[in-house]
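Taken together, the values in this text are just the output of simple stated rules run on the coordinates, not laboratory data. Here the structure is a predicted model, which means the values were calculated and not measured. With ideal geometry, Cβ positions are generated from the backbone for all residues, glycine too; neighbour counts draw on all protein chains shown.
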Amino acid sequence: MAYKNIKITKGSAGFGGPLIIEPNEHKNKVLCVTGQQISPVAQKIAEMTGCELVDGFKTTVPDDEVAVAVVNCGGTARCGVYPKKRIMTVNVE
């Protein structure tokens, strides 16, 4: 499968980035950790990159397979857990 690189820039109230998502045969998952439903942002990233969308509340994947994590968090996941694992993180809060 051919994956596509994308560039994600911050929104009007955002900070950081831009993030360049570069999926490949091994790093090809968009991990959505937003709670009760899949985030439309995570869905769009998966569509644009060709990556598999994974609901992090229902399934786990090895960290080295995650191209980007999409979270809805004001603290720990956004600033700590995923960035410390060197996983690019998009916060949709």
Q) Which residues, taken from segment 26-53, are in contact (Cβ under 8 Å) with a residue 24 or more places away in the chain and over 20 Å from Cys73 (Cα atoms)? A) His26, Lys27, Asn28, Met48, Thr49, Gly50, Cys51, Glu52
Q: Quick one: count up the residues across segment 16-37 that are within 15 Å of Val71 (Cβ to Cβ) and surrounded by fewer than 17 Cβ atoms within 10 Å (Cβ to Cβ).
A: 6
Q: Scan segment 28-49 and give yes if some residue there is in contact with a Pro (Cβ under 7 Å, 6 or more places away or on another chain) and under 14 Å from Thr89 (Cα atoms), otherwise no.
A: no
Q) Is segment 50-68 home to any residue that is in contact with a strand residue (DSSP E or B) (Cβ under 6 Å, 6 or more places away or on another chain) and of a type in the set (Phe, Trp, Tyr)? A) no
Q. Looking at Ala13, Ala46, Ala42, which is the one that is surrounded by 13 or more Cβ atoms within 10 Å (Cβ to Cβ) and closer than 20 Å to Pro83 by Cβ?
A. Ala42
